[in-house]
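Working notes, structure below.
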Amino acid sequence: MATIVILLALLLSPAASAGDLTQRLLAGEEPPPPQIPGESPPSPPAETRERPAVWRDFTPETLGLSPQQARWYQTAVEAYFFRDYPLAARLWHRLAEQGHPRSQGRLAWLYHSGRGVKKDLAEARWWYRQAARGGDVVAQNNLAALLEHGLGGPRNEAEARAWYRRAAEAGYPPAQFNLGDMLAEGRGGPADPAEARQWWRRAASAGIQAAKRRLASLRREGATQSSRSPLEGDPAGSPGTR
């Protein structure tokens, strides 16, 4: 099965459980402070709690919110970083119900991880879908991951592949890697190894280590096959055949 990566290029092994997904897949887990999917501002200094420069991006214009709504969103981010997950959940839920895709995606992650709310993969999947429809690329990738593995609802590899493609075409590197895996393995649609390599290259150029390993493996396989003698090939003596 394809390995799923998301923020910070973390990997899911083919045998990973739903618990593994929660702990390793969608949050981009790091040692404290935790990371928010799709956002990774540094931790505010403990003594002054001054807002780092990235907080300047949380403006009504960049968020597509009113000034009051933007303050709610910013407060939710700060609450998450200081581990007040119930407050973050309340504020993101308020904004999510008002149709804000970015908040819908963040709320989905809280339901997925059980932070500030009771863990509920079906609820997480529902909110990921709302955010994905609104154009949030992180949510598109996360929704695809749940669809691919049948978490929070039925497995649907064809739909998973479609959402990976949307996020990949929007330039989200983890989705580019994931789409490459599905294309290489022919899951959710016809296999296309050539296109898979193209997406892996794009993901690798963006720093996704798993994509770099895929490409390195292909190079090793190619070198091995090109070095084989006719005696190692088929009975007709065509080198490099199986």
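Rule-based calculations on the coordinates, nothing more; no lab input. Source: prediction; values computed, not measured. Because the Cβ atoms are built from the backbone with ideal geometry, glycine has one as well, and the counts that use them run over all protein chains shown.
Some observations on this one:
- R0 of 22 Å, Cβ-Cβ distance Gln98-Asn156: FRET efficiency to nearest 0.05: 0.20
- Theoretical gain in end-to-end length, Arg201 to Glu221 [0.36 nm per residue, Cα-Cα removed]: 5.5 nm
- Its convex hull of Cα atoms gives the range 55-137 a direction-averaged projected area, equal to a quarter of the hull surface, of 4.8 nm².
- Listed peptides 138-148, 95-105 appear in the order 138-148, 95-105 once ranked by packing, highest mean of other Cβ atoms within 10 Å at the front.
- In this simple spin-label model, placing a label point 7 Å from the Cα along the Cα-to-Cβ direction at both Ala191 and Gln68 gives a separation of 5.7 nm.
- Full-extension gain in nm, Arg133 to Leu87, via 0.36 nm per residue minus C-alpha separation: 14.0 nm
- For Asp181, Asp120, the sequence from fewest to most other C-beta atoms within 10 Å is Asp120, Asp181.
- Listed peptides 191-202, 169-180 by packing density, highest first (mean Cβ within 10 Å): 169-180, 191-202
- Net charge of neighbours whose Cβ lies under 14 Å from the Cβ of Glu185, counting Lys and Arg as +1 and Asp and Glu as -1: -1
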